[in-house]
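Peer 1: Sharing a structure, written as structure tokens. Questions coming.
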Amino acid sequence: MDFIPVNEPLLNGNEKKYLCECIDTGWVSSEGPFVKEFEQKMSAAVGRTYGIAVSNGTAALEIAVRAIGIGPGDEVIMPTLTIISCAMAVTKLGAVPVLIDSDFSTWNMDVDKIEEKITSKTKAILLVHVYGLPVETEKVLELAKKYHLKVIEDAAEMHGQTYHGKPCGSFGEISTFSFYANKHVCTGEGGMVVTDDWELAQKCRSLRNLCFQPDARYVHEAISDNYRFTNLQAAVGLAQLERLEEFIERKKEMGRYYTERLRDVRGLMLPVEKTEYADNVYWVYGVVLEKGVLADNKEMQQRLAKKGIGTRAFFWCMHEQPVYQNEGLFLNEKYPNAEYLARKGFYIPSGLALEKAQMDIVISAIKDIMRQLERKEIC
Ligand SMILES: *Cc1c(COP(=O)(O)O)cnc(C)c1O
């Protein structure tokens, strides 16, 4: 029995051809011509003026948060159910993440809980879209306007997604992407900051590259890190971007296939297919165990692994991270929806290279396990 990985990217377009071009021409570093071309095409795809390609999505967030001017003592609002990169980008600067519970059906931050968390120290809202549906962005933008807050959009999982027809990656002052292997546009590792603000773009370019000064190289008035993106990565990215529409269609088709066949399984909550503002693009296909089910995500994942199926748990909440609790952050804070999703949610194989026959195996394995769990319940 072959193991079915949770994610396998699809790299059978022009990736190899463009990579060979890098090798034939000797352009392998961040100075190569594909980097600029990729920045230009990625930013144009979301209607932004400037794109700054960086080493990964975490780096993109760090750079964006720093460029926007977040500093010690500032508060930044964000969902508790997200990747650590979001909180880290803020805490590294001595600023404080202020957390928001999840909406139980879309798994995104519950925007109705934001206003009560705004204080005189709040500087920005980190708009993180997770798992396939965008956040209710309009409400966030309205709040930001009312309270004069900046908006940083983490669109790492949202390539090709839109909110009311407008591309994700185009909201707020600055947006970030990741091109990790499980993202809709993958370069292995990689990321990008996009913005319409020339000054912000300049700051990001400087932060990407050790804060070298254009007219006095090796003389530094500030320091950063080496977050550069290589021509090799850009080669893969350009080939991936050519197929983004096709990829999104494929993801949607996979989502429909799973949903149709899992809809009648008792005890499983499936992803919302569409809201009034967007169709789900299924960055990954997540499922959540319902309240009566006598198992958590860990047990389901172990049972599926025994059947040769790879899965991943949902994110672990920021307020329950040992690293932050040990620092005295988020003590006694409770976010019941996010805590539930973190314990009962997981995602099943949904990479772009996944085939129907593999999906059928996953579906029947889930049905089997859920039936066994039901029997356990009756006994
Ligand atoms: C993947 C991801 C990131 C981080 O990207 P890396 O390239 O893995 O560093 C940030 N935010 C979200 C929401 C992500 O899904």
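Coordinate-derived values only; no laboratory data. Quick caveat: nothing in here was measured; it's all calculated off a predicted structure. Neighbour counts are summed over all protein chains in view; Cβ atoms, including those assigned to glycine, are modelled from backbone coordinates with ideal geometry.
Peer 1: Loop by DSSP (not H, G, I, E, B), at most 11 other beta-carbon atoms within 10 Å: where is the longest site-free stretch of the chain for chymotrypsin sites (Phe, Trp or Tyr not before Pro)?
Peer 2: With chymotrypsin sites (Phe, Trp or Tyr not before Pro) excluded where exposed in loops, the chain gives 4-217 as its longest stretch.
Peer 1: Moving to a separate point now. Quick check on the chain: take the gyration tensor over C-alpha atoms, sort the square-rooted eigenvalues as a ≥ b ≥ c, and tell me if it's rounded (a/c under 1.5), prolate or oblate.
Peer 2: Values: a/c = 1.95, a/b = 1.27, b/c = 1.54.
Because a/c hits 1.5 or more and a/b fails to exceed b/c, the chain counts as oblate.
Peer 1: Further, regarding this structure: If one takes the longest principal axis of the Cα atoms in the chain, at what angle in degrees, from 0 to 90 and to the nearest 10, does the Cα axis of helix 297-306 lie?
Peer 2: The helix 297-306 is inclined about 80 degrees to the chain.
Peer 1: What is the distance in Å between the Cα centres of the stretch 196-271 and the stretch 340-366?
Peer 2: Here the two parts' Cα centres lie 24 Å apart.
Peer 1: Any chance you could give the angle, 0 to 90 degrees and rounded to 10, that helix 231-241 forms with the longest Cα principal axis of the chain?
Peer 2: 50
Peer 1: Diagonalise the Cα gyration tensor of the stretch 1-53 and give the resulting equivalent ellipsoid semi-axes, square root of 5 times each eigenvalue, largest first, whole Å.
Peer 2: Each semi-axis is the square root of five times an eigenvalue, giving 27, 19, 9 Å.
Peer 1: Follow-up. Between 0 and 90 degrees, rounded to the nearest ten: what's the tilt of helix 15-25 against the longest Cα principal axis of the chain?
Peer 2: Between the helix axis and the principal axis of the chain, the angle is about 30 degrees.
Peer 1: Given the options Leu149, Leu19, Asn231, identify the residue whose Cα lies farthest towards the positive end of the charge dipole of the chain (+1 on Cβ of Lys, Arg; -1 on Cβ of Asp, Glu).
Peer 2: Ranked along the dipole, the leading option is Leu19.
Peer 1: How big is the charge dipole of the stretch 196-353 about its Cα centre, in debye rounded to the nearest 20, if each Lys and Arg gets +1 on its Cβ and each Asp and Glu gets -1 on its Cβ?
Peer 2: Working: 23 positive and 23 negative charges, 180 e Å.
Dipole magnitude for the stretch 196-353 comes out near 860 debye.
Peer 1: Starting with the fewest neighbours, write out Glu75, Glu242 ranked by other beta-carbon atoms found within 10 Å of each beta-carbon.
Peer 2: Ascending number of Cβ neighbours within 10 Å: Glu242, Glu75.
Peer 1: Would you order Leu81, Leu210, Leu352, Leu241 from fewest to most other beta-carbon atoms within 10 Å of each residue's own beta-carbon?
Peer 2: The most exposed by this proxy come first: Leu210, Leu352, Leu241, Leu81.
Peer 1: Excluding Tyr227 itself, calculate the net charge of residues whose Cβ lies under 9 Å from the Cβ of Tyr227, where each Lys or Arg counts +1 and each Asp or Glu counts -1.
Peer 2: Once positives and negatives cancel, what remains is 0.
Peer 1: Can you list the lysines whose alpha carbon is less than 29 Å from that of Lys291, not counting same-chain residues fewer than 8 positions off?
Peer 2: Those lysines meeting the cut-off are Lys113, Lys117, Lys251, Lys252, Lys274, Lys306, Lys307, Lys334, Lys344, Lys367, Lys376.
Peer 1: Which shape class applies to the stretch 242-379: rounded if a/c is under 1.5, otherwise prolate when a/b exceeds b/c and oblate if not, where a ≥ b ≥ c are the square roots of the Cα gyration tensor eigenvalues?
Peer 2: Cα axes put the stretch 242-379 in the oblate bin.
Peer 1: Give me Glu31, Glu299, Glu339 sorted ascending by neighbouring Cβ count inside 10 Å, so fewest comes first.
Peer 2: Lowest count first: Glu31, Glu299, Glu339.
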